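Data first, discussion second: the structure below is written as structure tokens.
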Amino acid sequence: MRFKTFTSPHMSPVRSVHRVMRQVLYGLLPGTAAMAWFFGWGVLVNVLLAVAVALATETLMLLLRRRPVRPFITDLSAVVAGWLFALAIPPLTPWWITLVGVAFAMAVAKHLYGGLGYNPFNPAMIGYVVAVISFPREMTLWIPPGTLADPAFTFSETLGIIFQGQLPAGLTWDAVTSATPLDRIQSGLGLGQPLGEIRDSSPFGFVAGRGWEWINLAFLAGGLWLLHRRVITWQAPAGMLGALFLISGLFWLMDPAAYPDPLFQLFSGAAMLGAFFIATDPVSGSATPRGRLIFGAGVGLLVFVIRSWGAYAEGVAFAVLLMNMMAPTIDQYTQPRVFGQRARGQEDRG
Amino acid sequence: MSTRSYRRIVADGFWYNNPGLVQLLGLCPLLAISGTVVNALGLGLATTLTLVASNLSVSAIRNWVRPEIRIPVYVLIIASVVTAIELAMNAYFHELYLILGIFIPLIVTNCAIIGRAEAFASKNSMPRALVDALAMGLGFTAVLVALGGLREALGQGTLFAQAHLMFGDMARGLTLTLVEDYRGFLLAVLPPGAFIGLGLLLALKNAVDEHLERRAARRRTAMAEQPQT
């Protein structure tokens, strides 16, 4: 969409969906690279597969809805949705889960609600939640972080696992996979182990999970670049990370043996990815500046609640979807005052 | 009463005023029990039976019940009918009864039933009330079974699983396995699958209606043009 600008010497950047989405993709690159470094070729295969499925489903739905295909395909929104889905799933997820999740995300969560700009829920997160709920076993198959210099599986082995479900000879799933740091903490605390003992075990690094802390740092870097480019605003990430930091800090101070420290929370799982790339979704998130702050804070609180007391070890997707439901209400009560108008509720007396 | 009006009652029950697809009544059992075809069929037939008994009784006493107390009277009738059906199911289809659980006694609160008593049976003769009960009940059952089939096929890859609960041991072979080694799609089995499935069925019905209407409109214009030529 282009708006004409009149009078005054403005320097206005051309803001199209395509441009914004392209910059979001650039912002995702460091985090994606970090994930590929630690988890191997599977991450890149998943990204390619998910993007291909997203584009195919988008084209199909546009044709079914008799909408022009070219402008909507080239706006890259489907690419971003597929990419985000691929970053959320384990690196060796079988291909059919990606197919089901992304196709559901694009067909049901996006196009049945009216397409780009009308979806009340974040499509990528809907796809992820559908996959997590429907295929709980396959969606926990995370592998311990290695490095791409010395990957756990070669490229062809990765393809074999993802597309044919065949592990290299002599290996079993139990030997290959390991719990993520968040999983480890949740199950360890459930067994009554003290937190210090859990943290001494293998999957942990300096502040959070080994590998995971660097991945989150890379997503943070990409997110800060997006902020710098003014593709996103600061309110939603600040709200989410701030709320997560405050609430987890509070509980950590009260009982350090039962609650991980706030830095661990910020650099674990999908915290940074969620804060900068998912909670900032302009369509399904809140639209007003104050609203975004509240929206982000809600996501942060829910993430802590789900991580601490929920059935799932990571809760970013559920938190975002729950707050998506609240977004219209938040918007209604946080509309900025128009200059010269009284605030809401004072009009009658005025 | 002409056969034409009976046909209208039947068409209303199955399509134009279907309790599941148009009135959207009785959604609680519709969404909760439509996990498999057999469960859906069991609950649908129990609901139909309740509807027949309650519609007949309400229609029979419609001239003696004072309007001020009609709702409590209907509730009493429906509750006693459901209690009888619950006991009967417990006796003859015990395993199915255990699966359907709380949803058998909850037929009492199915608004479709008291809705038909109030909207139809209390104003119509007994034969008409009977036809209405059968049409509405079987229409509701049809939606339940369609949704149950959709969810069972997607969720477990089978159809008519556990058919012996309803039809006895002879029916064990009735189970169709659509996909061998199906890994299961839990979303369809869980409650969200019911909501999404019902939404898709509603969309399908609306699409069919729209298509029929467009065809009827085309035929009307064709007939209107014909005499002039």
Regarding the range A:153-164, can at least one residue be identified that is farther than 30 Å from A:G285 by Cβ, away from chain B (no Cβ under 11 Å) and not in a helix (DSSP H, G or I)? yes
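Yes/no matrix, rows are residues, columns are (1) farther than 30 Å from A:T172 by Cβ; (2) crowded, with 18+ Cβ neighbours inside 10 Å; (3) not assigned by TED's automatic domain parsing to the domain that holds A:P328:
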| site | (1), (2), (3) |
| --- | --- |
| A:R65 | yes, no, yes |
| A:I73 | yes, no, yes |
| A:V79 | yes, yes, yes |
| A:F85 | no, yes, yes |
| A:I89 | no, yes, yes |
| A:G115 | yes, no, yes |
| A:P144 | no, no, yes |
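If I filter the range A:121-152 down to residues being under 16 Å from the mean Cα position of the chain (by Cα) and in a loop (DSSP other than H, G, I, E, B), which single residue comes out as farthest from the other protein chains (Cβ to nearest Cβ)?
Quick first cut of the range A:121-152, residues under 16 Å from the mean Cα position of the chain (by Cα) only: A:121-132, A:139.
Restricting the remaining residues to those that are in a loop (DSSP other than H, G, I, E, B) gives A:121-122.
Working: A:F121: 12, A:N122: 16 Å.
Result: A:N122.
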A:T172 fails exactly one of (1) surrounded by 14 or more Cβ atoms within 10 Å (Cβ to Cβ); (2) more than 13 Å from every other protein chain (Cβ to nearest Cβ), namely (1)
Determine whether A:F72 is part of a helix (DSSP H, G or I), within 14 Å of another protein chain (Cβ to nearest Cβ) and of a type in the set (F, W, Y). no
Test: residue in the range B:53-65 that is in a loop (DSSP other than H, G, I, E, B) and in contact (Cβ under 8 Å) with a residue 60 or more places away in the chain: yes
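Restricted to the range A:75-92, and to residues that are among the hydrophobic types (A, V, I, L, M, F, W, C) and part of a loop (DSSP other than H, G, I, E, B), which residue is nearest to the chain's Cα centre (by Cα)? Break it down into steps so the answer makes sense when it comes.
Of all residues in the range A:75-92, those among the hydrophobic types (A, V, I, L, M, F, W, C) come to A:76, A:78-81, A:83-89, A:92.
Then keep just the ones that are part of a loop (DSSP other than H, G, I, E, B); that gives A:76, A:89, A:92.
Working: A:L76: 17, A:I89: 10, A:L92: 18 Å.
Filtering the range A:75-92 for residues that are among the hydrophobic types (A, V, I, L, M, F, W, C) and part of a loop (DSSP other than H, G, I, E, B), the one nearest to the chain's Cα centre (by Cα) comes out as A:I89.
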With respect to the numbered conditions (1) surrounded by fewer than 16 Cβ atoms within 10 Å (Cβ to Cβ); (2) at pLDDT below 85; (3) touching a helix residue (DSSP H, G or I) at 6+ places or on another chain (Cβ under 9 Å); (4) part of a helix (DSSP H, G or I), which one is the sole condition not fulfilled by B:M166? (1)
Taking A:V100 and the conditions (1) more than 20 Å from A:M35 (Cβ to Cβ); (2) crowded, with 17+ Cβ neighbours inside 10 Å; (3) more than 14 Å from chain B (Cβ to nearest Cβ), which numbered condition does it fall short on, given that it satisfies the others? (3)
Test result for A:A88, away from every other protein chain (no Cβ under 13 Å) and at pLDDT 85 or above: yes
Does A:W95 fit the bill of being within 14 Å of chain B (Cβ to nearest Cβ), modelled with pLDDT under 95 and farther than 25 Å from A:S16 by Cα? yes
Lone qualifier among A:A275, A:A238, A:A258, A:A287 - being surrounded by fewer than 19 Cβ atoms within 10 Å (Cβ to Cβ), in a helix (DSSP H, G or I) and either in the same structural domain as A:P203 (by TED's automatic domain parsing) or among the hydroxyl-bearing types (S, T, Y) (or both): A:A238
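Which of the residues that make up the range A:201-230 are among the basic types (K, R) and touching a residue at least 40 places away in the same chain (Cβ under 8 Å)? Before you say what the answer is, go through the steps one by one.
Applying the first criterion (among the basic types (K, R)) to the range A:201-230 yields A:210, A:229-230.
Selection gives A:R210, A:R229.
Quick one: in the range B:175-203, which of the residues that are more than 13 Å from every other protein chain (Cβ to nearest Cβ) and part of a helix (DSSP H, G or I) is nearest to B:D12 (Cα to Cα)?
Taking the range B:175-203 first, the residues more than 13 Å from every other protein chain (Cβ to nearest Cβ) are B:175-178, B:180, B:194, B:198, B:201.
Pick out the ones that are also part of a helix (DSSP H, G or I) and you get B:194, B:198, B:201.
Working: B:A194: 24, B:L198: 19, B:L201: 17 Å.
Of everything passing the filter in the range B:175-203, B:L201 is nearest to B:D12 (Cα to Cα).
The values are calculated or read from the model by the stated rules, or taken from the named source; none is laboratory data. Just so it is clear, the model here is predicted, and its values are computed rather than measured. As a convention, Cβ positions derive from the backbone with ideal geometry for all residues, glycine included, and neighbour counts pool all protein chains shown.
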